[in-house]
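For reference, the structure discussed in these notes is given below.
Every number here is computed from the coordinates shown, using simple stated rules; none is lab data. No experiment lies behind these values; they were computed from the predicted model shown. Methodologically, a virtual Cβ is constructed for each residue, glycine included, from the backbone with ideal geometry; neighbour enumeration extends over all protein chains shown.
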Amino acid sequence: MLLLVLLAFSISGSFCDSDSDLRAETCSACSCMSIENVLYVNCEKITVYRPTQLQPPASSLYHLNFQNNLLYILYPNSFVNFTHAVSLHLGNNKLQNIEGGAFVGLSALKQLHLNNNELKELRADTFRGIENLEYLQADYNLIKFIEKGAFNKLHKLKVLILNDNLIQSLPENIFRFASLTHLDIRGNRIQKLPYLGVLEHIGRIVELQLDDNPWNCTCDLLPLKAWLENMPYNIFIGEAICETPSDLYGRLLKETNKQELCPMGTGSDFDVRMPPSQPEGGLTMSNMAPSTIAPLVTKAPKTTNPSKIYGNGIVAGNPAGKNGQIVSYQTRIPPLSCPQPCTCKAHPSDFGISVSCQERNIQSLADLVPKPPNAKKLHLSGNYIRDISPTDFQGFEGLDLLHLGSNQISTVQKGVFANLTNLRRLYLNGNQLEQLHPEMFLGLSNLQYLYLEYNAIKEVLAGTFDSMPNLQLLYLNNNVLRSLPAYIFAGISLARLNLKNNHFMTLPVSGVLDQLKSLTQIDLDGNPWECSCDLVALKLWLEKLNEGVAAKGVKCASPVQFSNIELRELKNEIMCPKLIARPPFILTSATPVLTSLSPAGVGKAPPSGPVPLSIMILSILVVLILTVFVAFCLLVFVLRRNKKPAGRQEGLGNQECGSMPLQIRRHNHKSNKKDDLGGETFIPQTIEHMSKAHTCGIRDSESGYKFVDSERQKMMLRNSADKDKDSLPLDPRKRLSTIDELDEFFPGRDSMLLHSYLESKKDFNSIGYF
């Protein structure tokens, strides 16, 4: 036993040693940049090190960025070393749990960013240790519950961002100890906001975002309406739009009155009245018994227009009798029946019945007995239905509209709607669905309108909508979707698509958006779009939509420099600098989807767009290079052309040189006579011929040497000749030659004298034979 304990200690010690070996300086593992004596530490995407393995920087104030590091869980004392951090970014980490005391040690922290994670709750000990926090961002998570007292220690908290979560209600006194000036609760599941415990503690508020919540405009919302009416005009407050009841659907809360929100009386405005018909078998009006009787009321309900038809297809009218009774008449076949907790109304146009079971505390569809025949519309919104079984809708085969909104449905079993082949409208909004799969909608071959907003849907499986070929409208707004599978919209002719207020950072065009061939309206607003290279295709797709397609603007959420900027206002090369360096190419395919890739993006750039500066500089550089090359070629051509005449003259000189020996040979062959000395007849050559012979093959530089004084040259030649003639005996066998004479007079003629043998012919002609 003792050995096991020692072994355990040794193993734990080895783990501690290995953890200490992985420690590193923060600025060596991360990038650090100092701006105005404040250090910015960027530790994004460094999955090798955990925050506990980094030694804090030496700076007195610094900002920490730990985004995109796959920090699924934050354990206690995760940031105990970073005592001087003033801001901490933990977004995009798929963070699912923050244990109590995770932020202990961050006593100087002012801002905490927890956006774009997978947090499901905020506990009372989540923010322990950061009592000086002023700014808390936790949007785009999966938060459903906020524990009471979660913000009790945050006395300096001024900005709280909780938009686009799954919060259904705020606990009592949640903001009692905070000093909130900005509160954002858009895109949640909040239906009411009480004054006591909530609104009474945010008296310092200057901005309150209430949009995109399924507000239940009933008596419970009167405190919020009164509070909004008493707030100063300079405070920015988002619009609260009624989701329920159906007669106030789409109405602004501020435009409703007290009578509409909370009408006096408990009676119902829905009744069942069939058109009068001739009695059969002697039956009179008095023989017909009412099928349902509403309870008596002390005051008649408000007068409404009997012909007014609300958005859900329910017609409201006045009570039939003075005593407030709702009288209905039986059809001939079959006898009319209506479920006990509901009220029914007939439609003369199609002899169908509209069954209203809204907010009747129904927990199971099995409670709907007896089931009315020929029911066309069934309203079950605002109840507590959790599960739906395949047998729940037996007997409702003729339904045209089914409203299951604002319940607690988390799963839909296979084949639940299999017998509802005539259904055209299905409302599943305001539930707790987390996944959509193909088996949910089997049998809904004629469905045209599907409402799935305000759920917790984070995944849509491939082929989910394949069983609904006639689907025209799809509302998936206010969910937590981050992606859609390829070809999810293939085979359906969607005209209206709402993806507003999800968690999309990018959305592929190929295989997803390009399948929407019949689109007339699309809403992509309220998503945390990341305006980078991945969003260029979406931008181009939106720009190419037909003018008849209504598309709401897409605003960038990241990177920081593009935050809150419309996507259409950004240029492609600014969002994605890689497009500038990429060479153009042409795709040859049967489908002309892509023609080229240019700095303006994928596809052909619009002709009216401005020319990027980089392209202009590149064009100028190419023009300069071509100009220099052409100038160089012209220069080489001119130089070669100037050298050609000199070559020709040289060739002519060579021809003259070659003609001299030929001429001598010709004379030798023509004359066979011999002189007295026994030799061949000698034909003397003139000085002109000699000059040509001696200058053949001599370069211009060598032949260019001349005597300075030609007269002096003549005197020297004559004196030397006279002197040598007297001193040398004549050999009778020797042939006389002017060339030999010159060889004697000019022994160095090959080098200099004979190269410049006189400037004029006249001077050399004075030399003769001796």
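Only counting other Cβ atoms within 10 Å, I'd like ILE98, ILE235, ILE167 sorted with the fewest neighbours first.
If I rank by nearby Cβ atoms, fewest first, I get ILE235, ILE167, ILE98.
Might you report the magnitude of the Cβ-based charge dipole of the range 182-242 about its Cα centre, with Lys and Arg at +1 and Asp and Glu at -1, to the nearest 20 debye?
Dipole of the range 182-242, to the nearest 20 debye: 120 debye.
Checking the table LYS94/LYS414; LYS377/LYS517; LYS458/LYS500; LYS120/LYS148; LYS110/LYS156 against a 21 Å threshold on Cα-Cα, which pairs fail? Numbers along the way, then the final one.
Details: LYS94/LYS414 31 Å; LYS377/LYS517 31 Å; LYS458/LYS500 14 Å; LYS120/LYS148 15 Å; LYS110/LYS156 9 Å.
LYS94/LYS414; LYS377/LYS517, as the Cα separations exceed 21 Å there.
The range 356-404: which chymotrypsin sites (Phe, Trp or Tyr not before Pro) are DSSP loop and have at most 14 other beta-carbon atoms within 10 angstrom?
Sparse-neighbourhood loop chymotrypsin sites (Phe, Trp or Tyr not before Pro): TYR384.
Which distance in Å, rounded to a whole number, links the C-alpha centroids of the range 462-538 and the range 119-164?
32 Å
Wrap a convex hull around the Cα atoms of the range 339-527, take a quarter of its surface area, and give that in square nanometres.
10.0 nm²
As a footprinting exposure proxy, order VAL104, VAL638 by other Cβ within 10 Å, with the fewest listed first.
Details: VAL104 15, VAL638 9.
Ordered by Cβ neighbours within 10 Å, fewest first: VAL638, VAL104.
Using a cut-off of 15 Å between beta-carbons, work out the net charge of the residues near THR421 (Lys and Arg +1, Asp and Glu -1, THR421 not included).
+1
Taking the Kirkwood radius as the inverse of the mean 1/r across Cα pairs, report the Rg/Rh of the range 17-261.
On the way: Rg = 20.4 Å, Rh = 19.4 Å.
Rg/Rh for the range 17-261 comes to 1.05.
Stretch ARG641-ILE35 to full length: gain in nm at 0.36 nm per residue minus the Cα-Cα span?
211.6 nm
For the range 472-522, which chymotrypsin sites (Phe, Trp or Tyr not before Pro) are both in a DSSP coil and crowded by at most 16 other Cβ atoms within 10 Å?
Here the sparse-neighbourhood loop sites are TYR487.
Do any chymotrypsin sites (Phe, Trp or Tyr not before Pro) in the range 171-262 lie in a DSSP loop with no more than 15 other beta carbon atoms within 10 Å, and if so, which?
Within the range 171-262, the qualifying chymotrypsin sites (Phe, Trp or Tyr not before Pro) (loop, at most 15 other Cβ atoms within 10 Å) are PHE177, TYR195, TYR233, TYR249.
Hey, fewest Cβ within 10 Å first, where do ASP523, ASP125, ASP212 land in order?
Final ranking by Cβ density, sparse to dense: ASP125, ASP523, ASP212.
Using alpha carbon centroids, what distance separates the range 397-427 and the range 35-107, in Å?
With the range 397-427 and the range 35-107 each reduced to a Cα centre, they are spaced 47 Å.
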